[in-house]
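Okay, structure first, notes after.
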Amino acid sequence: MDIKIIKNEAEYDAAMARLLALTEANPEPSGDIGDEIELLALVIENYEKIHWPIPRADPVEMIKFTMEQRGLKVKDIAPCFGSSSRAYEVLNGRRNLTLPMIRKLNRMFHIPAEALLGA
């Protein structure tokens, strides 16, 4: 097991190929093979975070996505905002989310608070 930090695409491709080969040959890995798989996954994840970061979603886009996925209308989420008009203001970018709104959206619709905070 000779695992190093991945520094370029060629090393990334080699690490991915090795990881795939190990996981296909060992569906329930343990011992040294399990350790190698875990280490490969860590260096691959590190390379991906650096070279292909996933941008944070906009909090309003998270709310709209949740509404679309669950078939919700503004009247369904209005209790989180205090009124339908305030919900429209937030959804149209004319008003910012407040901490109480974020808490209610998190409690009622299980939208992660971190996503709503834009953190």
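Of interest is the spacing of the C-alpha centroids, which for the range 60-90 and the range 1-19 amounts to 44 Å. Relative to the longest principal axis of the Cα atoms of the chain, the long axis of helix 99-109 makes an angle of roughly 70 degrees. Averaging the Cα positions of each part gives two centres, and for the range 103-117 and the range 30-54 these lie 30 Å apart.
Compared with the alpha-carbon gap, the fully stretched path from F65 to D2 is longer by 18.4 nm at 0.36 nm per residue. In this calculation the C-beta distance from T23 to S85 is compared with R0 = 41 Å, giving a FRET efficiency of 0.20. With a Förster radius of 22 Å applied to the C-beta separation of E11 and A41, the computed FRET efficiency comes to 0.90. Is the C-alpha gyration tensor of the range 59-117 telling us rounded, prolate or oblate? Criteria: a/c under 1.5 is rounded; beyond that, a/b larger than b/c is prolate, otherwise oblate. Here the range 59-117 falls in the rounded category.
Of the residues G82, Q69, A17, the one whose Cα sits farthest towards the positive end of the charge dipole of the chain is G82 (charges of +1 on Lys and Arg Cβ, -1 on Asp and Glu Cβ, taken about the Cα centre).
Computed packing ranks the peptides 75-81, 22-28, 37-43 as 75-81, 37-43, 22-28, most packed first, by mean other Cβ atoms within 10 Å. A simple charge model with +1 on the Cβ of Lys and Arg, -1 on the Cβ of Asp and Glu and nothing else charged puts the dipole of the range 51-119 at about 260 debye relative to its Cα centre.
We did not get these values from a lab; they are worked out from the coordinates using the rules stated. Predicted model only: the values in this text are computed from it and were never measured. Positions of Cβ are backbone-derived with ideal geometry, glycine not excepted, and every protein chain shown enters the neighbour counts.
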